[in-house]
Amino acid sequence: MKKSRFTEEQIIGFLRQAEAGIPIKEVCRSGGFSDATFYKWRAKFGGMEASEAQRLRELEAENAKLKKLLAEAHLDMHALKSVLGVKR
């Protein structure tokens, strides 16, 4: 997945600027990103604080690690079944 060049704290800062009344086009132009990116960020981070965004990042990393462990466990089980044979 492509890594954003903005941190969650910066993204939330852009969203706060728009909430403060600065036009979205102006926020996007000053930040150097598109309107579509702004609306995608608003859907994901809307209403969050910086600490909540950091917690979200930690949970996503932990989730990715757990998915990798689960995939490895399933691969090991499949290898054992193929070597030992399936019970009849």
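General remarks:
- Within segment 8-84: Cβ-based charge dipole about Cα centre, in debye rounded to nearest 20 (Lys, Arg +1; Asp, Glu -1): 240
- Modelled spin labels at LYS25 and HIS78, positioned 7 Å past Cα toward Cβ, are 5.2 nm from each other.
- Once the chain from GLU9 to GLU58 is taken as fully extended at 0.36 nm per residue, the excess over their C-alpha distance is 16.2 nm.
- Summed side-chain charge close to GLU9 - residues other than GLU9 whose Cβ falls under 12 Å, Lys, Arg +1, Asp, Glu -1: -1
- With one equal scatterer per alpha carbon and no solvent term, the Debye-computed log10 I(q)/I(0) for the chain at 0.11, 0.13, 0.15 1/Å reads -0.48, -0.57, -0.66.
- Charge tally for ALA64 (other residues, Cβ to Cβ under 14 Å; Lys, Arg +1; Asp, Glu -1): +1.
- Relative contact order of the chain, pairs being alpha-carbon contacts under 8 Å that are 6 or more residues apart, as %: 28
Since every read-out is calculated from the coordinates, none of them should be taken as a lab result. Computed from a predicted model, the values in this text were never measured in an experiment. Backbone-built Cβ (ideal geometry, glycine too); neighbour counts: all protein chains shown.
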